[in-house]
Each structure stands twice: as C-alpha cells, then as structure tokens.
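The values are calculated or read from the model by the stated rules, or taken from the named source; none is laboratory data. From a predicted model like this one, the values you see are computed outputs, not experimental measurements. Virtual Cβ from ideal backbone geometry, glycine too; neighbours counted across all protein chains shown. These area figures cover heavy atoms from the full protein model, side chains too; ligands, DNA and RNA do not enter into them. Shrake-Rupley method; radii C 1.70, N 1.55, O 1.52, S 1.80 Å.
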Amino acid sequence: MRGKFVTFEGCEGSGKSTQLRLLGEYLASSGADFLMTREPGGSAIAEDIRRIILNGDYADMCPECEALLYAAARIQHLKEVVEPALAAGKLVVCDRYVDSSFAYQGYARGLGMEFVEKINSFALLKYPPDLTVFLDISPERAFERKHGADPNDRMEREGAEFHSKVYAGYRELIKIYPRICPVYCGGSKFETAENIKNLLKEKNIIK
Ligand code: TYD
C-alpha cells in the first residue's frame, strides 16, 4: 500500500524543528516505517539549490527567481526522495512544502496564489499532502522565543512586517485547504507534541 504524506508548516521560530525531532523519536520508538525529510533540500541537488536560495549575499534575488528555485528543488526532492518512499509504503514527513511557497512567495513577496500554483502544479496535482500540520503561533511571539533572527539567512533576516504577512498568508490557506490543520504551539513543547500526535491519530496517519 502506498504510504502517507504529511507536511509541517509554520513561521520562523514556531518550534517546528523541535516538534519534528520529538515526532521522529516517537515514530521510531513505535516501530513506524517512516522518512523524515525537509524542503528546500532533502537530496544533494535540492540542498545545493537551498544554499543558493538562502545565501545572504544574494540580496537582489528577484521574487520570481526565488519562487522558481523553491519549485525546482521541490520537484527534484519529490522524484528522488518522496516518491520512492511513498511507493515503498513509508510514512513521509516533510518539513515545509508548497504551502511555504504560497505563504512566503505568494503572500509575503506578493507574487499571488496563481503564479505559485502554476509553477507548483506538478507538486500540487501529483503529490497533495494527506495532512498538513500548521504550527500556529504569531511571528511576534515566535521571534521572542527564538531570541532574534540569523542575519546570514536571507529569509530569516526579513523584517517583522514580512513575517506578519507570512502568518496572514497561512491563515488564509487554512480557509482554502481543509488538509491544513492548525496546532496551537504557544504552550510547552511536550503539550504541542501531544497535540500533534493526537491529530495524526485522529486523521488515521498513525495508529
Ligand atoms: P529553514 O532554515 O529550513 O527554516 P525553518 O527552520 O524556519 O523551516 O529555511 C527555509 C526557509 O525557506 C524559511 O525561511 C522558509 C523559506 N521557504 C520559502 O520561502 N518558500 C518555500 O517554498 C519553502 C519550502 C521555504
């Protein structure tokens, strides 16, 4: 049987990495056959594209180029990593996916939904996630928790206004795509982990 595809989304500092680590530990201890991967990246070619996208020296990269590079890394990762794992019946958990492109490039950079949809049609049509977990916390609170941004990361160093737009973008996406489920993550990391686990059970992703 084909595996399930679950993606995680959230603003910078939402605690996504911690939650993915905790979920990975839980899945491993429960003997699940799963693969944890990430975007942009997850394969040698896609990781190289990631280095170009996030390179702090490329301040004048235009939004269209940025969006196309994310989409290019995505297709490579889907074909090289995600597809074989799904075909082998694995649960694939991916740190960020197309909704990041909608929120960051479509909304925050102002490219619009249609442009992002068009350049990501391969991903959207062939690999729609079975579930998308949105770690829900306002960017203001997230940044407070994270103690500021990395100045060498082209996306992280964008200002507060940009990250508020990203959050607003995600809130809009929740209204459009029922597969996106928000999980409040302003409490303790263990509370959030428990809520995520319960959501995955409720949606029949795990037993
Ligand atoms: P990363 O260090 O993985 O950030 P995080 O830990 O917050 O996930 O860097 C990924 C960055 O790329 C992050 O700022 C979000 C951004 N991004 C987009 O703008 N569009 C996309 O399609 C994807 C996948 C990521």
Carbon-plus-sulfur fraction of the accessible area of the stretch 5-202, 1.4 Å probe, in percent? 54 percent
Accessible solvent surface per residue of the stretch 5-202, calculated while the other protein chains remain in place, 1.4 angstrom probe, Å²: 45 Å²
For the chain, take the convex hull of the Cα atoms, compute a quarter of its surface area, and give me that in nm², please. 10.8 nm²
Take Glu117 and Ile45, extend 7 Å from each Cα along the Cα→Cβ direction, and tell me the distance between the two endpoints in nm. 2.8 nm
How would Glu202, Glu25 line up by accessible area, probe 1.4 Å, largest first? Glu202, Glu25
Chain lengthening between Asn55 and Glu83 when straightened (0.36 nm per residue, less Cα-Cα): 7.3 nm
For the stretch 19-56, which trypsin sites (Lys or Arg not before Pro) pass both filters: DSSP loop (anything but H, G, I, E, B) and at most 11 other C-beta atoms within 10 Å? none
One would report the Cα pair-distance distribution of the stretch 1-71, bin width 10 Å, in %, as 15, 37, 33, 12, 2
Where both residues lie in the chain, what percent of DSSP beta bridges are antiparallel, nearest 5? 5 percent
Mind scanning Lys79/Lys189; Lys126/Lys189; Lys16/Lys203; Lys90/Lys146; Lys175/Lys197 and naming the pairs with a C-alpha gap bigger than 26 Å? Lys79/Lys189; Lys126/Lys189; Lys90/Lys146
At Glu194 and Cys65, where each label point lies 7 Å from the Cα along Cα→Cβ, what is the point-to-point distance in nanometres? 4.9 nm
Considering only C-alpha atoms, what is the centroid distance from the stretch 176-191 to the stretch 45-89, in Å? 25 Å
Full-extension gain in nm, Met1 to Lys175, via 0.36 nm per residue minus C-alpha separation: 59.6 nm
